[in-house]
Structure formats: C-alpha cells, structure tokens
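Read through the structure below, which is laid out as structure tokens, and then see the notes.
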Amino acid sequence: MSVLLVALLPVPPKLTGESSRADETQWQINADSLRAVFDLVLAPFHYVSHEGMVMDCADGKTRLCFSILSAWIADHAEHTTLHGIGSKSCPKCEVPCNELGGNPREVYEGRDYAIYEEKARQLESGEAGSTQEYFRQVGVKIGRNVFTGLHRVNPSDLHKLDLLHKIYLCLFKHMMQWVEGFLKKHKRQQAFDDTWKEIPPYPGLSVPKKAYREVTQWQGKEIHNLSQCISAVLASTLRNPDSSQHPDFQIALKCVSALVDLSLMAQYRSHIPDTLSYLERYLLTFHQTKDVFFEFRTSKATRAEANRQDLELRELIANERAHGIHRTSAAKRRRQVDQERLQRVNQRAYLIRQENHFHFIKMHYLTHFSSHVRRFGSISMYSTEIGELAHKDHIKEGYRR
C-alpha cells in the first residue's frame, strides 16, 4: 500500500465550557472551513466518477476508470467531525448512547445520511418543526457531513474498523485499568508485577524490562506485546484462590481471554464461516463476563462527584460532632465514628453503582466486526497503522525541514 499526502485538514481551536455553548458562530465558521477544504479535495471524484478518466494500469495498458471513494481510514474522533455526528454516536448505525455496551446480537437501523440531508433542508425552509428533536435522538449535527453528494458513495460505508484504535489503544487499555482495580481489591498487584518480570524470552515477544506498574507509556507496540502474554500472566497471578475468590477469578480470566481471542481472530487475513462464528462467540463471552469488572468501570467525572459528596458529608458530620462532643461518652463517639465511616462508604458505593456503565463507543464497534468482514473483507486490510507511520515521513520531517 502506498500513501500520498493530498492535503492538511484545518484544526481550529477547540471551544470548551461556556464558550462552546455561546459561540455558535465560531462553530459554524469551523464547520464551513472544513467543508471548503473537503470540497476542494473531493472535487475530482465528482468529475471522474461521472465522466471517467483514462489511467495507466499495471499490465501496461490504459483503461477508462471511474474512481469511487470506498473508505476513509481514521480514528473515531475524526469520523465524528467529518460525518457530523456526536462523540457517542456510531457512524454506521443509530444505536442509542445508553445501549453502546449492550447485547452484541442486537441489530440497529443503519444510518441514511441522505435522509438527514433532506430533513436538514426541511428545517431550513421551516417545514419540519420536530426535526431538531429527531437529529438529537439519532445523534446527528445538522448539515455537517462532508461526504454527502459523492457519486455512488454511502457515507456510512466509508468508516472502516481497525485493530489499533478499536482494540489495542482503547479496549485493552480499558481492560487493564479494570484488571488493576481487580488485582488491588484482591491484593494480587505485587504477584502480577513479579510474574510480569519473569516472562521468559520467546521469538517475536519483547521481554518486559520493568514491572507492569513501572511502565508509564503504553503505545500500540507495547499493548500488542501485552496482548500476547496477558492471559498467561493473569492466570499465574490468580493461582490458589480461596473459596470466596474462586468464582470471580474464573470469570475474570474468562473475560480477559475472550477479548484476547477476539483480537487474535480479528487479525486473520481471510475468513470462513467457522472463523466468523468463533469471532461472534468470543464477543458474546466477553459481554457475558465483563460485569465482573463493573465496579472498576468508574469515569473521572464519577470519581470527582463521589469525592465532592464525600467531602460534603465529612463536613456535615464534623459540624454535628462539634456541637455534641461534650454530651456523649467515648464509647458512643467511637460507635458514631464507625457508623459515619460506614455511611460514607455506602454512599460512595451507591453513587458508583448508579453511574458506572460499559456504554462507550469503542465497546459498540465490536458488534460490527463480523458484518464488516462479510461485506468488506479482513479487518487488518484497513489498519490505521500505515497512516500513523506516514505522519513521521510526510508531515513531521517535512515540517522540521
């Protein structure tokens, strides 16, 4: 595969907080600038796809060719910008935000960007009063898809799945955060580090030089290396459980192994019905067992809110204790302290149970793996690794010169 730099897309300054809600004009300027660049870049497709172009072929002959845009290989953040959808929306289907981590066998209606364009025109002409609510429900930003209008192109088919951003840099990172919390709860972190450093050499495997918790940066190469040995390291770490730990240890191992097997099966360069059934089976197993890590699936916002509520409760308890400290005995004060600590722990646990979830977009992308292979071929064929490596030669070194 060859890579040719065609254009550098404008990256306008990000608006956050109140400015992002107030300055709609700047949002529109940003969208119009991006659309103008894409109109320029994609202009040849409008001509070539209709009129055709005589091109030189590999066999030395010339043929009349009709170029059609078939894929846009990029990460999720870029697709949300180019397709004009929300950050929690899928470019391929209209899955609700609160069902992203749900049943992998559930099939949602595919996105039809032609309908969105038609409804946007109706909204501009004042014909449809409920259009804004419709766009909000399907997670679409009105009139911000840069691919609409291309000949014989369905924008929802341009998004292609890849392993680097969907598996290694996302799900494996999430999974290891869950595993760390799981090991900490069961006091097995040191055992995991010891096992990690004792991995023997093997062809094609980079032996870790540091303990797991000493590694500060995880890139694609490091996570790919981790995926090759995490099942064995975790199995060795969770040896000899007591009777209360045994069920959770078994489920945790099954969950991690299912995700590893899923990633290995997705790397196949060709598939048959049996391999696709394995792929679907591993995905179903992963979803059936992932709840063992549910309590460790806490976002930064949830942790911040839990800390804020805990601080408020501590201040309230301190005020009540200051007013009644001389009217209680020492034994009663000790019992009150224990009850207050238990109250704070229960409040934090309740908030986390209410807010924790697995509904994030990279989790949902796994449900499209099997259908993607059936329609477009192997997933590894559309890897973003080539584009990431091209940044160095085409952009970074050129900019330094």
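The values are calculated or read from the model by the stated rules, or taken from the named source; none is laboratory data. A quick note: this is a predicted structure, and the numbers were derived from the prediction, not measured. All Cβ positions, even for glycine, are placed from backbone atoms using ideal geometry, and neighbour counts span all protein chains on display.
Brief remarks follow.
Residue-by-condition table, conditions (1) of a type outside the set (A, V, I, L, M); (2) modelled with pLDDT under 85:
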{"position": "K14", "(1), (2)": "yes, yes"}
{"position": "S19", "(1), (2)": "yes, yes"}
{"position": "I29", "(1), (2)": "no, yes"}
{"position": "H50", "(1), (2)": "yes, yes"}
{"position": "C57", "(1), (2)": "yes, no"}
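- A single entry from R401, R308, R374, R333 fulfils the requirement of being basic (K, R) and either touching a Leu at 6+ places or on another chain (Cβ under 6 Å) or modelled with pLDDT under 80 (or both): R333.
- Region 160-179, residues that are in a loop (DSSP other than H, G, I, E, B) and charged (D, E, K, R): K160, D162
- Residues (without any contact (Cβ under 8 Å) to a residue 60 or more places away in the chain and within 19 Å of L4 (Cα to Cα)) located in region 60-89: S67, E78
- Among (1) within 30 Å of L4 (Cα to Cα); (2) not assigned by TED's automatic domain parsing to the domain that holds G220, the one test that H372 misses: (2)
- Set side by side, the residues H50, H76 differ, and just one is of a type outside the set (A, V, I, L, M, F, W, C) and either assigned by TED's automatic domain parsing to the domain that holds Y282 or under 19 Å from G149 (Cβ atoms) (or both), which is H50.
- Boolean, E78 is acidic (D, E) and not in a helix (DSSP H, G or I): no
- Residues of region 183-229 classified as free of Cβ contacts under 8 Å to residues at least 40 places away in the same chain and among the hydrophobic types (A, V, I, L, M, F, W, C), total: 7
- Boolean, S156 is touching a residue at least 60 places away in the same chain (Cβ under 8 Å) and in contact with a Lys or Arg (Cβ under 9 Å, 6 or more places away or on another chain): yes
- Every pair of residues 6+ apart whose Cβ atoms lie under 8 Å, when the first sits in region 113-127 and is surrounded by 13 or more Cβ atoms within 10 Å (Cβ to Cβ) and at pLDDT below 80 while the second is among the β-branched types (V, I, T) and outside any helix (DSSP H, G or I): L123/I142
- Highlighted here are the helices (runs of 4 or more DSSP H) found entirely within region 336-401 that include at least 1 residues which are within 18 Å of the chain's Cα centre (by Cα) and small (G, A, S): 369-376.
- Checking S89 against (1) outside any strand (DSSP E or B); (2) more than 22 Å from R35 (Cβ to Cβ); (3) at pLDDT 85 or above, the condition it does not meet: (2)
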